[in-house]
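Right, one structure below, let's go through it.
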Amino acid sequence: MNVTVWNEYGDAQKRREVADVYPRGLHETIADFLNRDPDIQAKTAVLANPEQGLSEAVLDHTDVLVWWGHVYHHEVSDETVQRVVDRVQRGMGMIFLHSAHKSKPFLRLLGASGRLSWREANEKTRIWTAASGHPITRGIPEQFVIDHEEMYSEPFGIPEPLQTVFISWFQGGNVFRSGVTFKKEYGKVFYFQPGHETNPTYHHEIVQKVIVNAVKWAEPVIKVGPLDCPNAAQPLEKL
Ligand code: ZN
C-alpha cells in the first residue's frame with residue numbers, strides 16, 4: 001500500500017530545537033518507520049512542493065495520507081483542501097496527527113471546531129487503550145507512558161467518534177480522547193494526539209506501532225470515482 005506523509009515543514013519546524021529531534025523533519029522520521037513494514041511504501045510531501053505536495057498525481061498514488069501541521073494551517077489552499085477531502089470521501093484513508101486537529105481538512109471533514117485546551121509543559125502522559133480488539137490496538141499494551149508531551153485536554157470539539165480508541169491522562173490532571181476514528185463516506189479517518197515537534201514522540205516504539213496499525217486499518221477496501229451525480233435515476237420497475 002502507498003502512504004504519503006505530509007508535513008507543513010515551514011521555518012518553524014526547521015528551527016534548532018525541532019531539528020535536534022527530527023533532523024530531516026518529522027515527516028521523514030514517520031516515513032522511515034512506516035517503510036520498515038514490508039506492506040507499506042511511504043513517501044513524503046511538504047507544503048513548499050508544487051501544488052502544496054498534494055497534486056492529483058500524488059493523490060492517485062496515495063492509499064492513506066498522514067497529516068502533520070501546526071502553524072501554517074492557514075497557508076493550505078482551499079484547492080488543496082478540496083482535493084484531499086474529495087479523496088477521503090472516495091475512500092482514501094486519512095491519519096491526522098497531533099496539532100492537525102486544527103488543520104483545514106480535519107475541520108472540513110468533521111464539520112467541527114476542533115477546540116481544546118493545551119499546555120506546553122513537557123509533562124508525562126499515560127495513554128490508555130479504550131477499544132481493545134480494535135485493529136489499531138493490535139500489539140499495543142493496555143496503557144503506556146510518554147515521558148514528555150504537550151498536553152491536550154477535553155472538552156475536545158469533535159462530533160461523537162465512531163470509536164474512541166485511546167484516552168490519555170496527563171500529569172497536570174487533564175484527560176483527552178487521544179485516539180478517535182471516523183468514517184467519512186468511503187474513507188476511514190483516525191486522529192492521534194501525541195507528537196509535539198520538540199518531543200521525541202515519533203521515536204517511541206509504541207507510538208510508531210499505533211501509527212503503522214492505523215495506516216493499515218485506514219487502507220481503503222474500495223476507492224470510487226468522482227462523487228458527482230451526472231444522471232437522473234431511471235426507474236427499475238414500471239411506474
Ligand atoms: Zn504541539
Review point. Within region 1-116, which strands (runs of 3 or more DSSP E) (wholly inside it) include 3 or more residues that are touching a Leu at 6+ places or on another chain (Cβ under 8 Å)?
Key: 2-7, 64-68, 93-97
Practice item. State the number of residues belonging to region 44-62 that are crowded, with 21+ Cβ neighbours inside 10 Å, touching a Lys or Arg at 6+ places or on another chain (Cβ under 8 Å) and of a type outside the set (A, V, I, L, M, F, W, C). Key: 1
Check your understanding: Does region 68-75 contain any residue that is of a type in the set (Val, Ile, Thr) and away from the ligand (no atom under 16 Å from the Cβ)?
Key -> no
Practice item. Take Glu120 and decide whether it is under 30 Å from Asp11 (Cβ atoms), within 16 Å of the ligand (Cβ to nearest atom) and in contact with a His (Cβ under 7 Å, 6 or more places away or on another chain). Key: no
Exercise for review: Answer yes if at least one residue in region 188-207 is free of Cβ contacts under 8 Å to residues at least 60 places away in the same chain, farther than 30 Å from Lys14 by Cα and either more than 16 Å from the ligand (Cβ to nearest atom) or open to solvent by 40 Å² or more (accessible area, probe 1.4 Å) (or both), and no otherwise.
Suggested key: no
Study note, to complete from the structure: In region 168-181, anything hydrophobic (A, V, I, L, M, F, W, C), open to solvent by 10 Å² or more (accessible area, probe 1.4 Å) and either farther than 16 Å from Glu150 by Cα or in contact with a Lys or Arg (Cβ under 6 Å, 6 or more places away or on another chain) (or both) is listed as Trp169
Point to revise | Residue under evaluation Val207, criteria (1) within 17 Å of the chain's Cα centre (by Cα); (2) over 30 Å from Arg16 (Cβ atoms), criterion not met | key: (2)
Check your understanding: When only residues in region 91-130 that are out of contact with any strand residue (DSSP E or B) (no Cβ under 7 Å at 6 or more places or on another chain) and open to solvent by 10 Å² or more (accessible area, probe 1.4 Å) count, which is nearest to Gly172 (Cα to Cα)?
Key -> Arg115
Practice item. Please work out if Thr80 is touching a residue at least 60 places away in the same chain (Cβ under 8 Å), open to solvent by less than 10 Å² (accessible area, probe 1.4 Å) and β-branched (Val, Ile, Thr). Key: no
Revision key, fill the gap. Val165 meets each of (1) more than 16 Å from the ligand (Cβ to nearest atom); (2) among the hydrophobic types (A, V, I, L, M, F, W, C); (3) open to solvent by 20 Å² or more (accessible area, probe 1.4 Å) with one exception, condition (3)
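The values are calculated or read from the model by the stated rules, or taken from the named source; none is laboratory data. The structure displayed is predicted, hence computed values, not measured ones. Reconstructed Cβ throughout: ideal geometry from the backbone, glycine too, with neighbour counts over all protein chains shown. The accessibility values were calculated without ligands, DNA or RNA, using every heavy atom of the protein model including side chains. Shrake-Rupley method; radii C 1.70, N 1.55, O 1.52, S 1.80 Å.
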